[in-house]
Amino acid sequence: MTDATEHRTPAPTSAELFERARSVIPSGVNSPVRAFGSVGGTPPFIVSAEGALLRDADGREYVDMVGSWGPMILGHANPQVVEAVREAAGKGLSFGAPQPGEVLLAEEVTARVRPVEQIRLVNSGTEATMSALRLARAATGRDVVVKFAGCYHGHVDALLAEAGSGVATFALPGSAGVTAATAKDTVVLPYGDRAALTELFAQRGGEIAAIITEAAPANMGVVPPPEQDGTGFNRFLAETAHAAGALLISDEVLTGFRASREGQYGIDGEGWEPDLMTFGKVIGGGLPVGAFGGRAELMGLLAPAGPVYQAGTLSGNPLATAAGLATLDGLDESAYHAIGRAADVLKSAVSEALTAAGVPHVVQSTGTLFSVFFREAPVRTYDEAKSQDTDAFGRFFHAMLSQGVHLPPSAFEAWFLSTAHTDDVLDRIITALPQAARAAAQG
Ligand SMILES: Cc1ncc(COP(=O)(O)O)c(C=O)c1O
């Protein structure tokens, strides 16, 4: 008799998987930032995750600070979310017909975020912003869209100019393959620059369909919307757009249901309303969901009732809505309190370690969301974000990784926490910080 294990091929390592991936997948990844291009090295391949922990193909364990770039706010393999998905899967994976979960998820979102009377579910944040833009252009009969440098809205042609996230990480000006005609209808302004916006509207207000902004930029690192004379930047955008008959699209794909229970709108949404809002990440609980929504009268322009075509084979998928609903169900005030507390603990610990090692840095946050910039002065614009010491971040990142803490592999990203980042998990991160800070200092 032979031992059954004798013939088993050993599981491939991360390095072997990456090598194979590179021959069949461009750069070996299905989304650019995963390739570790800006921090160097090769990415661990994750085979499983539970709570705040990831396990890679080499048997190593990491504290996860990426959280799938936002969705995993209750931690990985959360029992309630997994059970909801399991139950939904047992009833069929996709119907291509209306199903109850879509109604429940739409009711939950509209109950949380006042300006949203109706939402359409899509399959990604990119689809959400793309559709919101089409709707805004149809509603106004205008073509031009204004965006801010450093704000990322997904890989929509019209919105790739000077975007953050992966575009920032790889220092791309935008993207090849975007036509001149598309680029012509996009105006990019520095974030927070009220004078530039006022000037633009004075000159071209009648051509502008919409301003789109991240409700709080978090794809160039976290930049809280600046106040001026008691008026928040988002409110200023709404007033400027509305005075010219244009719309404001507030992109809450990243901040939605994360920065607070009502997203960034729950933080600065007093006395103003965006016309359209976009969501993703948390509302899918780890499955592919995006959404855009707004006033019923605007949303009524969508097909089949209205002339704006928008559709999706898998939109409102029953597994995805089950995961999203179970995630939002788990996000009560105490969950946000716990994440906010964890963020406070970590922000102080990072700052303390970097200060002790003499590394210039600034920690910025909005609600429970924060990031660390490797430069002395606060960051208000994309140019300022780009002036940080990304090499120092790279050394810091790898020193954390080698001690079992998986930070986002880019200096331009938020650090994502979850309810599973309990004190013992935070202790593991805090223990790793001094060595990483010293590595950052050794330029
Ligand atoms: C603010 C914002 N909008 C849109 C998107 C695009 O979402 P997705 O990656 O699901 O297409 C992202 C993704 O990071 C985002 O952060």
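With the cut-off at 1.5 for a/c, could you classify region 290-387 from its C-alpha gyration tensor as rounded, prolate or oblate? Prolate shape, in that a/c is at least 1.5 and a/b is the bigger ratio.
Here the 3J(HN,Hα) profile of region 220-230, calculated from phi with Karplus coefficients 6.51, -1.76 and 1.60 at θ = phi - 60°, is 10, x, 7, 10, x, x, x, 8, 8, 6, x Hz, Gly and Pro shown as x.
How many angstrom separate the Cα center of region 22-80 from the Cα center of region 114-161? Cα centroid to Cα centroid, the span is 28 Å. Taking amide H as placed 1.01 Å from N in the peptide plane, VAL47 has its amide H under 5 Å from the amide H of ARG55, ASP56, ALA57, each at least 5 places away in sequence or on another chain. Taking the average, over residues, of other Cβ atoms within 10 Å as the packing measure, peptides 244-251, 9-16 rank 244-251, 9-16 from highest down. Panel note: the C-alpha atoms of the chain, placed on their principal axes, show extents of 75, 56, 45 Å (largest first). You can think of it this way: the chain between LYS91 and ALA441 has 120.5 nm of extra reach, that is 0.36 nm per residue less the Cα-Cα gap. Two numbers describe the Cα atoms of region 99-210: Rg and Dmax, which are 16.0, 48 Å. Using alpha-carbon pairs under 8 Å, 6+ residues apart, how would you state the relative contact order of region 295-443 in percent? Value for region 295-443: 24 percent. For the chain, set up a GNM with springs between Cα atoms under 10 Å and report which of ALA326, ALA202, ALA180 has the largest fluctuation. Of the options given, ALA180 has the highest mean-square fluctuation. When the charge dipole of region 1-134 is built from unit charges on Cβ atoms (+1 for Lys and Arg, -1 for Asp and Glu) and taken about the Cα centre, the candidate among MET130, SER27, ILE119 whose Cα reaches farthest toward its positive end is MET130. Distances between placed amide hydrogens fall under 5 Å for LEU189 paired with LYS147, PHE148, ALA149, all partners being 5 or more residues away or on another chain. Among ASP229, ASP391, ASP193, the largest mean-square fluctuation in a Gaussian network model of the chain, built with springs joining Cα atoms closer than 10 Å, belongs to ASP229. Each residue of region 352-359 is assigned a 3J(HN,Hα), and the resulting list reads 4, 5, 5, 5, 4, 8, x, 9 Hz, derived from the Karplus form 6.51 cos²θ - 1.76 cosθ + 1.60 (θ = phi - 60°), x at Gly and Pro. Tell me, what HN-Hα J-couplings in whole Hz come from the Karplus equation 6.51 cos²θ - 1.76 cosθ + 1.60 at θ = phi - 60° for each residue of region 198-213, using x for Gly and Pro? Values, residue by residue: 4, 4, 4, 5, 5, 8, 10, x, x, 9, 8, 7, 7, 9, 10, 9 Hz. Please list, or write none, the lysines whose alpha carbon is within less than 28 Å of the alpha carbon of LYS184, excluding same-chain residues fewer than 8 places away. Output for LYS184: LYS147, LYS386. Over what distance in Å are the Cα centres of region 394-420 and region 212-276 separated? With region 394-420 and region 212-276 each reduced to a Cα centre, they are spaced 27 Å.
Measuring nothing but protein heavy atoms, the accessible surface of the chain at 1.4 Å probe radius is 54 percent carbon and sulfur. Only DSSP H runs of four or more residues enter the estimate; each adds -39500 (n - 2.57), and after division by the residues of the chain the mean residue ellipticity at 222 nm equals -11500 deg cm²/dmol. Considering only beta bridges that DSSP places wholly inside region 43-193, some 65 percent are antiparallel. Entry comment: accessible area of the chain is 42 Å² per residue, from protein heavy atoms only and a probe of 1.4 Å. Which residue, SER260, PRO225, GLY206, has the largest displacement toward the positive end of the dipole of region 183-261 when charges sit on each Cβ (Lys, Arg +1; Asp, Glu -1)? Sorting the options by dipole projection puts first SER260.
The values are calculated or read from the model by the stated rules, or taken from the named source; none is laboratory data. Everything quoted here is computed from the prediction, not taken from an experiment. Please note: Cβ atoms are built from the backbone with ideal geometry, for glycine as well, and neighbour counts cover all protein chains shown. Only protein heavy atoms, including side chains, enter the accessible area calculation; ligands, DNA and RNA are left aside. Shrake-Rupley method; radii C 1.70, N 1.55, O 1.52, S 1.80 Å.
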